[in-house]
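Novice: Structure incoming, see below.
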Amino acid sequence: MGQQINLTGGPQGPGKPGTAVALARAIDSMPAGQLADTPVLIAQERELLVRCEAALENLRIAYWAAGKALQVVRDGRLYRATHPTFEAYCTEQWDITPQYAGRLIRSWRIAEKLFEYRDRKSNEVETIVSRKLGFGQAWELVALAEERSVDAAALLYIALVQAKGMAITAELVGGAAKALPAEAAGKKRATEDAVLAYLATLEDGKSLNGRKAGDPFKALSRVTKRLDADTIQAAMQHDPDGTRTMVRELITALSSSVGIEIEIKASSPEAVG
């Protein structure tokens, strides 16, 4: 039995060793095959599973601790006693490229913020964040975090968790981050609406693997519900000319598709594009 430890951002439990070396050494008494024929794991299997999953969790979220540590070393120039530059320290001490070190440094705040959010959410959200958030998904949020805020990135990911559950992929995270309107960033309700609208566009056309997905009528209905007056007004404040052009094109496309003739007239001189 291993020691009881506290892993930041991870579930607690008996049998979890405290260091990466201990994690590997704790996976002992390796079975040659299945230990029991029962559908429920026996005590020995449960203990072994805890140790194995602790090792896997450590691998998946190690970038969080590594990025944070690398930033401390870089910003404090803690490498200076043994290496002339931070780049030399990364290469010679840890055999990683400065570019990869930079990616780790840029990503760790997202993981930390999401685990803070996780602690305030339901058990279901907590489980999904714990099991799904890895470097690939965190990296897809870096641009949004740097352009807007880490909170904006965290809110987007939580909205995806609530909408898609365990079906989140790095590709899905990246697409949602790129599709998030600037005016919605950092706002919980607006982010949730934007995520649902983005997912609806995937269902209306093609899924991520290229196959048709969902009922087109239902998808259009969801998009229509999200295209309310508040959303249009927010878009007008952000880009009035672009929004007017987009609305005119949308009305024209929709009317011609269903066989309805509509004449668009400007209601004021400002409305002329």
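Novice: Of 57, 261, 45, how do they rank once you tally other Cβ atoms within 10 Å and put the fewest first?
Specialist: 261, 45, 57
Novice: I want to check the label-to-label distance for residue 59 and residue 127. Put each point 7 Å from Cα in the C-beta direction and report it in nm to one decimal.
Specialist: Distance between the two pseudo-spin positions: 2.3 nm.
Novice: Follow-up question, since we're still on this one. Can you give me the distance in nm between label points at residue 143 and residue 189, each placed 7 Å from the Cα along the Cα-to-Cβ direction?
Specialist: According to this spin-label approximation, the distance is 2.9 nm.
Novice: Let me ask something else. Provide 246, 166, 30 in ascending order of the number of other Cβ atoms located within 10 Å of each residue's Cβ, fewest first.
Specialist: So the residues, fewest neighbours to most, are 30, 166, 246.
Novice: Got the relative contact order for region 135-198 handy, in percent, Cα pairs under 8 Å and 6 or more residues apart?
Specialist: Averaging sequence separation for qualifying contacts and normalising by length gives 39 percent for region 135-198.
Novice: Arranged by the count of other C-beta atoms within 10 angstrom, fewest first, what order do 239, 151 take?
Specialist: Ranked by crowding around the Cβ, least crowded first: 239, 151.
Read-outs throughout are calculated quantities, based only on the coordinates presented, and are distinct from any laboratory measurement. These numbers were taken from a predicted model, which means no experiment stands behind them. For neighbour counting, all protein chains shown are included, and Cβ atoms are generated from backbone atoms with ideal geometry for every residue, glycine included.
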